[in-house]
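Okay, so here's the structure we're looking at.
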Amino acid sequence: MAIESINPANGEILKTLHPWDGDRIEACLARAARAAPRWAATPLAERCGHVARVGQLLRERRDDLARLITMEMGKLIAEARAEVEKCALACDYYVDNGAAFLADEAIASDAGRSYVCHQPLGTVLAVMPWNFPLWQVFRFAAPALVAGNTGLLKHASNVPQCALAIEALFRDAGLPEGVFGTLLITASQVERVIADPRVHAVTLTGSESAGRQVAACAGRYLKKSVLELGGSDPFIVLADADLEEAVRWAVASRFLNAGQSCIAAKRFIVVEAIADAFVAAFREAVEALRPGDPLDERTTLAPMARPDLRDELHRQVQATLEAGAALVTGGAPLPGAGAFYAPSLIDKVSEGMVAWEEELFGPVAAVIRVADAERAVAVANGSRFGLGGSVWTRDVARGEGIARQLQTGAAFVNGMVKSDPRLPFGGVKASGYGRELSRHGMHEFLNAKTVWIR
């Protein structure tokens, strides 16, 4: 089965590639195995120098990389440029902080001297998604490579050119052969790679179902795994919230990347006292979004990444409406070429409806009305997901108290949920386990070794 790069804005086939056979997979694994011990033994300053050069190349090639992202998965061109810049910032962050994160930790014990040292595990396989085709990779690769691990990338099948462009960045930055490689393989070939003794750990960002499969496979072969899966993030609006500010960020959080983000706000849990005003203002802002060519700077809503994803979203919307929710605006695919879906708002979503229970991965916002803050927290925590969440209120202390109650990996008060290299990122419950970014993300793929000396 061919690996096709297709422009979601018009359906044009950009490039066709073919999955690797066993010989090419073996050659890539062999290169990684040869490189792993040498890279781990390379002085930290030298590893950091290579990663710093990658960050420099990202900035130099920003516009070309951004255009490739937009052509291959449909992101607005301004968002694509921002994604490339964020990857460069991640490189900077780990170059600047790697020495501190990897330093030995002295611990008093019955020894004359005892400490914990942090050593790389070896080769880490990264199974990555299409929605942030550079950022998802770099938030794994920058800390892993600075730490002395080598990396293998199995990217989503609809962004093969992005995968090859990432590999070229590392190669052109002068990293030794085998330190970072792209595997052009299908999902059915992933287990073979995880099972190989030359692969020591696996990280996946993707769907809940993909996470279960990779976790089961990693467990079967006793490999460390980190999973960042789906989310149905609550966006709680209390009665005292700044409504204008809340609506502004509601639109940004829900419709960024055409709503195709794990940490996008998806369930807008609004206290009944202000629900009508919130919905009216939200509708006006949603209807002002302008779908169109994502390369056009005037476009404010991109297409979805694939027609099948759009069709699945529409099925979820229809099922929610048939169960009794109220359509405020949108609610249908847009006519013409490309995988466009109308920016949509659904009100009066209740328990048991698809928009309450499932993740809607596209430009559709679902409003859930509640009596008070206590009920808002209960609804927010009633989801099987637990990636991120936010609360909007003028009472910051109250907001912080609610944020601490949310069963999520991240909680924001009067701010949009986002990833930041300085802060740990990841979820709980069906949103996965383990952390990316910050010191915590680097340490996921390090052996914390105790050294005891009499």
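Here Gly178 qualifies as at positive phi, among the small types (Gly, Ala, Ser) and surrounded by 16 or more Cβ atoms within 10 Å (Cβ to Cβ). If the condition is being farther than 30 Å from Ala371 by Cβ and small (Gly, Ala, Ser), then the stretch 300-351 contributes Ala302, Ala305, Ala332, Gly336, Ala337, Gly338, Ala339, Ala342. Total residues in the stretch 30-62 satisfying the condition of being in contact with a strand residue (DSSP E or B) (Cβ under 8 Å, 6 or more places away or on another chain) and of a type in the set (A, V, I, L, M, F, W, C): the figure is 6. For residues that are of a type in the set (A, V, I, L, M) and under 15 Å from Gly230 (Cα atoms), scanning just the stretch 389-427, find the one that is surrounded by the most Cβ atoms within 10 Å (Cβ to Cβ). Among residues in the stretch 389-427 that are of a type in the set (A, V, I, L, M) and under 15 Å from Gly230 (Cα atoms), the one surrounded by the most Cβ atoms within 10 Å (Cβ to Cβ) is Val417.
Counting the residues of the stretch 74-84 that are surrounded by fewer than 17 Cβ atoms within 10 Å (Cβ to Cβ) and touching a residue at least 12 places away in the same chain (Cβ under 8 Å) gives 1.
Assess whether Ala216 counts as being at negative phi, surrounded by fewer than 20 Cβ atoms within 10 Å (Cβ to Cβ) and in contact with a Pro (Cβ under 9 Å, 6 or more places away or on another chain). Taking the combined requirement at face value, the residue does not satisfy it.
Given the criteria charged (D, E, K, R) and within 25 Å of Leu295 (Cβ to Cβ), does Glu4 qualify? Here the answer is yes, as Glu4 does meet what is asked.
Entry remark, the stretch 428-442: residues being buried (at least 23 other Cβ atoms within 10 Å of the Cβ) and out of contact with any Pro (no Cβ under 8 Å at 6 or more places or on another chain) number 2 in total.
State which residue is surrounded by the most Cβ atoms within 10 Å (Cβ to Cβ) when the search covers only the stretch 265-278 and only residues that are without any contact (Cβ under 8 Å) to a residue 60 or more places away in the chain and not small (Gly, Ala, Ser). It comes out as Ile274. Where helices (runs of 4 or more DSSP H) fall wholly inside the stretch 371-454, the ranges with 1 or more residues that are outside the structural domain of Phe278 (by TED's automatic domain parsing) are 438-443.
Selection over the stretch 336-355 of residues that are out of contact with any Phe, Trp or Tyr (no Cβ under 8 Å at 6 or more places or on another chain), of a type outside the set (Phe, Trp, Tyr) and closer than 16 Å to Glu312 by Cα gives a count of 7.
The residue pairs whose first member lies in the stretch 368-396 and is under 17 Å from Ala410 (Cβ atoms), whose second member is at pLDDT below 95, and whose beta carbons are closer than 7 Å, counting only pairs six or more residues apart or on different chains, are Phe385/Gly230. How many residues are of a type in the set (Gly, Ala, Ser) and farther than 23 Å from Glu244 by Cβ if we restrict to the stretch 385-430? Total satisfying the criteria: 8.
So that you can scan it fast, the table gives a plain yes or no per residue for (1) within 18 Å of the chain's Cα centre (by Cα); (2) under 15 Å from Pro234 (Cα atoms):
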residue	(1), (2)
Ala365	no, yes
Ala371	no, no
Ser383	no, yes
Thr393	no, yes
Val396	no, no
Gln405	no, yes
Thr408	yes, yes
Val417	yes, yes
Pro424	yes, no
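I need the full set of residues from the stretch 200-214 which are without any contact (Cβ under 8 Å) to a residue 60 or more places away in the chain and within 18 Å of Leu152 (Cβ to Cβ), in order please. Listed by number, the list holds a single entry, Gln213. The set of residues from the stretch 137-188 being in contact with a His (Cβ under 6 Å, 6 or more places away or on another chain) and either under 21 Å from Ile69 (Cβ atoms) or not assigned by TED's automatic domain parsing to the domain that holds Phe101 (or both) comprises Ala163, Ala173.
Looking at the structure I just gave you, is Ala250 under 30 Å from Glu374 (Cα atoms), at pLDDT 95 or above and buried (at least 24 other Cβ atoms within 10 Å of the Cβ)? For Ala250, the condition - under 30 Å from Glu374 (Cα atoms), at pLDDT 95 or above and buried (at least 24 other Cβ atoms within 10 Å of the Cβ) - is met. Only one entry in Ala66, Ala80, Ala33 is more than 26 Å from the chain's Cα centre (by Cα) and small (Gly, Ala, Ser), namely Ala33. For the criterion of being surrounded by fewer than 22 Cβ atoms within 10 Å (Cβ to Cβ), of a type in the set (Val, Ile, Thr) and assigned by TED's automatic domain parsing to the domain that holds Ser253, Val317 fails. For Arg31, state whether it is in the same structural domain as Val159 (by TED's automatic domain parsing), surrounded by 15 or more Cβ atoms within 10 Å (Cβ to Cβ) and of a type in the set (D, E, K, R). Against the criterion (in the same structural domain as Val159 (by TED's automatic domain parsing), surrounded by 15 or more Cβ atoms within 10 Å (Cβ to Cβ) and of a type in the set (D, E, K, R)), Arg31 qualifies.
Listed by first and then second residue, the pairs linking a residue in the stretch 279-299 that is closer than 22 Å to Ala325 by Cα to a residue that is aromatic (Phe, Trp, Tyr) and crowded, with 18+ Cβ neighbours inside 10 Å, with Cβ atoms under 9 Å apart and 6 or more places separating them unless they lie on different chains, are Val279/Phe268; Phe282/Phe268; Val286/Phe255. The single condition from (1) farther than 19 Å from Ser261 by Cα; (2) in contact with an Asp or Glu (Cβ under 7 Å, 6 or more places away or on another chain) that Leu321 fails is (2).
The values are calculated or read from the model by the stated rules, or taken from the named source; none is laboratory data. The shown structure was predicted, so the numbers you read here are calculated from the model rather than taken from an experiment. Virtual Cβ from ideal backbone geometry, glycine too; neighbours counted across all protein chains shown.
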